[in-house]
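This report concerns only the one structure given below.
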Ligand code: R5P
């Protein structure tokens with residue numbers, strides 16, 4: 001298998017290639033004089049399975065990923081797999097107001113035009129997987145995330161809302177500790193109320209887990225609540241650390257540990273999902 005890295009995922013792609021004993025392709029990327037993107041896969045791919053690893057976090061990432069998928073096909077790959085550690089545009093998976101698009105459907109349809117299979121890591125909404133008419137899987141990295149925290153002395157796992165409780169509960173089961181969730185109520189477009197469960201947090205080491213940290217607003221509120229209720233050690237984790245507007249700078253000083261996965265490369269990407277992606281590509285899951 002050939003692993004083709006997009007700019008968003010160079011380090012992760014190199015780890016996946018190493019783990020699988022696959023070839024990491026060399027890619028040339030530059031701009032045409034008019035500013036349009038140019039990519040070229042320099043490694044021979046004819047007759048081979050090719051996995052292109054890249055995110056759709058920004059609009060530029062999307063163009064690069066689609067160009068690399070097509071380049072793989074044009075180069076004669078026997079099978080083209082689109083691997084998205086972070087599937088961006090998955091949060092608009094339904095129409096909230098008339099006139100809106102279903103962005104996650106748009107992304108899925110675009111990707112399946114240029115690939116034979118789509119693999120991503122913990123998509124925000126599973127509904128998106130149903131938009132595909134060819135194989136599309138979202139890998140769970142719950143075990144990998146849990147193992148990272150095994151020796152970190154965590155007493156309690158807390159989800160910042162009931163939507164993330166199932167994930168928190170599975171992590172807690174692996175670590176044999178309890179899990180709870182914060183009761184989060186949207187009052188209006190600007191106001192969200194959050195209430196801790198009736199649990200004694202004083203003197204406890206609490207891990208807050210979410211699927212995504214974007215503006216950090218949710219996590220920051222949860223951390224403040226825990227501090228007000230006597231938690232002595234607070235760790236924060238998510239699969240995807242978007243950290244919009246450098247929100248990690250606001251979260252970091254408030255917590256003892258901030259650890260996200262390397263689906264989006266950053267200084268807090270302490271948990272690698274390379275093994276999970278490798279196993280999925282090898283067909284183990
Ligand atoms: C909500 O459904 C998600 O699980 C996250 O809690 C949310 O997307 C985090 O966003 P932010 O960091 O902007 O509060």
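Some notes on this structure:
- Selection of strands (runs of 3 or more DSSP E) fully inside the range 225-276 by the criterion of at least 3 residues being surrounded by fewer than 18 Cβ atoms within 10 Å (Cβ to Cβ) and under 19 Å from the mean Cα position of the chain (by Cα) returns nothing.
- Criterion violated by residue 81 - all others in (1) buried (at least 22 other Cβ atoms within 10 Å of the Cβ); (2) in contact with a helix residue (DSSP H, G or I) (Cβ under 6 Å, 6 or more places away or on another chain); (3) farther than 28 Å from residue 192 by Cβ satisfied: (2)
- Scanning the range 40-56 for residues that are surrounded by fewer than 20 Cβ atoms within 10 Å (Cβ to Cβ) and within 23 Å of residue 121 (Cβ to Cβ) returns a single hit, 49.
- Test result for residue 221, in contact with a strand residue (DSSP E or B) (Cβ under 6 Å, 6 or more places away or on another chain), within 11 Å of the ligand (Cβ to nearest atom) and not in a strand (DSSP E or B): yes
Values quoted throughout were computed directly from the atomic coordinates according to the rules given, and no laboratory measurement underlies them. Being a predicted model, the structure only gives us computed values, none of them experimental. Neighbour counts are summed over all protein chains in view; Cβ atoms, including those assigned to glycine, are modelled from backbone coordinates with ideal geometry.
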